[in-house]
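One structure is given below, encoded as structure tokens.
The values are calculated or read from the model by the stated rules, or taken from the named source; none is laboratory data. Keep in mind it's a predicted model, so treat the numbers as computed, not measured. As a convention, Cβ positions derive from the backbone with ideal geometry for all residues, glycine included, and neighbour counts pool all protein chains shown.
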């Protein structure tokens, strides 16, 4: 049973990100994995090894696309070539939903290759929601937007980040990819209670959850994705499951990537938190 | 500190952040200021520059649009993004252009690519394309690779050709049926778009292999306890000898999705180059043989062997 209207893929379970250092292991050993998340842009190419790997993965596994460069929050119009290639990949992978970030990263056709925070204003929420709707109509696939981790806030903001996220997804009528690690990182950098964030987003729109590791420095916390998930994030994950129900969950590990087994083992820890939480929840 | 009055006006040279963001135009203005700050090179201490484009204190500019918190000033928060940007793009080019790095040296390479990205920020959604204008930049500003300008150009063309060969498009190869009824005097063949033909003045292929071997030896030395007794710094500092000037014709391609570079004889290179320009097979072969200085060659046998090999590699496709 789907946990909510935007989460028809409850049975997806726990996935991990498909990363180059694991290709050889996955292709040779064919380990049992609930699903793989691919970075769309890595496969929006015309040929060669990336598509060969993708073909083999698609024969064996369920794949969900996650993007890093659609930039719903950019003032620019969409890059048509980008959208065309993305649509071609969507049809190729048959991804059940597609996610990308609630952020911007380019202007005037110049790219920062970063996930930059939005100014939280009503006008920007309307503009961003229009772009999400346009992308969904063109790509013909449900879209979930992910909250990013951030290290700066703008003077011009008129609301909290979770109010902005809620405003955007309600206007766009789309799903949320709730990254609990990003909420934690931002809460440390902007001095808010991460549970206020978790408690106040529209839970019925959460279609996927991300978990990851982060790094604490003297004056700020960085979203590094380079080691295991830390305890405060696991606790938030359990709370999120309580609020949104059983939801497709993915572990991100993008730097200093250990063996496939280690990453998969870390991801599967999510099952314990999820099962424990769901056992407490009356059906 | 000089007081700066926030303004909604902007010029191309010195954009200023908007006070409020109630429109797409104001959002664009904010994003221009932010990218303007991110794209500015870091100082020699890897920090954000202290002054804005127009000379105004960067602290004041940052405080116009970024909130401080109890631990970090507006400047410091913006600086996190400025650093992240440069660390990301420099890392990417550092990994993708080891040959150019070896030609100009590590320190000079960082200065070169910083100047390159300052002049030509990324214009693509993918980091794969980050070096797509490096050749153009080196032609426009050769002083960055002085005194090895030509070697640097050869190397950057070679390294970009590998990017294209790795994941560039492939067209369906021609089949015997496609060409069965066409005589050589009328037959035109296309070359796969992932295949790049390079006419080089240096043996950058051998040089790059040596550079990569040296880098992997250094890495192995750092990773292995067995190397503890060896002088690591001597391994790390040993530079690969620069290649001497020599004419090299190279095809950079892929086969079974593996990257290869294949040296070509001058006549073979001439035939392929002519074919890529739309010359017929017969004309391309006649031109190449006529221009050849070699004698005592069984040209019909030689040309047949070349075409057999190129067909087996899947290099020919229909002309688009």
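What about residue A:111, is it touching a strand residue (DSSP E or B) at 6+ places or on another chain (Cβ under 9 Å), at the interface with chain B (Cβ under 9 Å from one of its Cβ atoms), touching a residue at least 24 places away in the same chain (Cβ under 8 Å) and part of a strand (DSSP E or B)? When the stated conditions are applied, residue A:111 passes them. Among the conditions (1) modelled with pLDDT of 95 or more; (2) on the phi < 0 side of the Ramachandran plot, residue A:80 misses just one, which is (1). Can you confirm whether the range B:297-318 contains a residue that is in a loop (DSSP other than H, G, I, E, B), in the same structural domain as residue B:192 (by TED's automatic domain parsing) and over 28 Å from residue A:48 (Cα atoms)? Within the range B:297-318 (the criterion being in a loop (DSSP other than H, G, I, E, B), in the same structural domain as residue B:192 (by TED's automatic domain parsing) and over 28 Å from residue A:48 (Cα atoms)), the answer is yes, since at least one residue qualifies.
The set of residues in the range A:33-78 being assigned to a loop (DSSP other than H, G, I, E, B), without any contact (Cβ under 8 Å) to a residue 12 or more places away in the chain and within 8 Å of chain B (Cβ to nearest Cβ) consists of A:45, A:46, A:47, A:48. Is there a residue in the range B:143-156 that is within 14 Å of chain A (Cβ to nearest Cβ), in a helix (DSSP H, G or I), surrounded by fewer than 23 Cβ atoms within 10 Å (Cβ to Cβ) and in contact (Cβ under 8 Å) with a residue 24 or more places away in the chain? No, the range B:143-156 contains no residue that is within 14 Å of chain A (Cβ to nearest Cβ), in a helix (DSSP H, G or I), surrounded by fewer than 23 Cβ atoms within 10 Å (Cβ to Cβ) and in contact (Cβ under 8 Å) with a residue 24 or more places away in the chain. Does residue B:267 meet the test of being in the same structural domain as residue B:182 (by TED's automatic domain parsing), surrounded by 20 or more Cβ atoms within 10 Å (Cβ to Cβ) and farther than 17 Å from residue B:190 by Cα? It is true that residue B:267 is in the same structural domain as residue B:182 (by TED's automatic domain parsing), surrounded by 20 or more Cβ atoms within 10 Å (Cβ to Cβ) and farther than 17 Å from residue B:190 by Cα. If the condition is being touching a residue at least 60 places away in the same chain (Cβ under 8 Å) and more than 20 Å from residue A:262 (Cα to Cα), then the range A:223-240 contributes only A:240. Looking across the range B:28-57, just one residue is over 27 Å from the mean Cα position of the chain (by Cα), within 15 Å of residue B:79 (Cβ to Cβ) and within 14 Å of chain A (Cβ to nearest Cβ), and that is B:33.
Tallying residues that are within 14 Å of another protein chain (Cβ to nearest Cβ), loosely packed, with under 15 Cβ neighbours inside 10 Å and out of contact with any strand residue (DSSP E or B) (no Cβ under 9 Å at 6 or more places or on another chain) within the range B:157-179 yields 1.
Checking the stated criteria, residue B:190 turns out to be in contact with a strand residue (DSSP E or B) (Cβ under 7 Å, 6 or more places away or on another chain) and farther than 29 Å from residue A:115 by Cβ.
Give B:114, B:175 a once-over and let me know the one that is over 21 Å from residue B:202 (Cα atoms) and either in contact (Cβ under 8 Å) with a residue 40 or more places away in the chain or within 16 Å of the chain's Cα centre (by Cα) (or both). Every option except B:114 fails the conditions.
Select from the range A:154-176 the residues that are more than 14 Å from every other protein chain (Cβ to nearest Cβ) and not in a helix (DSSP H, G or I) and write down the one among them that is farthest from the chain's Cα centre (by Cα). Filtering the range A:154-176 for residues that are more than 14 Å from every other protein chain (Cβ to nearest Cβ) and not in a helix (DSSP H, G or I), the one farthest from the chain's Cα centre (by Cα) comes out as A:173. I'd like to know if the range B:101-109 contains one or more residues that are crowded, with 21+ Cβ neighbours inside 10 Å, closer than 30 Å to residue B:18 by Cβ and modelled with pLDDT of 95 or more. Scanning the range B:101-109, I find no residue that is crowded, with 21+ Cβ neighbours inside 10 Å, closer than 30 Å to residue B:18 by Cβ and modelled with pLDDT of 95 or more, so the answer is no.
One residue alone among B:75, B:65 is within 28 Å of residue A:222 (Cβ to Cβ), within 7 Å of chain A (Cβ to nearest Cβ) and either at pLDDT 95 or above or touching a helix residue (DSSP H, G or I) at 6+ places or on another chain (Cβ under 8 Å) (or both), and that residue is B:65. Taking the range A:253-266 as the range and being within 20 Å of residue A:184 (Cα to Cα) and either buried (at least 24 other Cβ atoms within 10 Å of the Cβ) or touching a helix residue (DSSP H, G or I) at 6+ places or on another chain (Cβ under 7 Å) (or both) as the test, only A:253 passes. Among the residues of the range A:121-131, the one identified as more than 9 Å from every other protein chain (Cβ to nearest Cβ) and over 19 Å from residue A:144 (Cβ atoms) is A:126.
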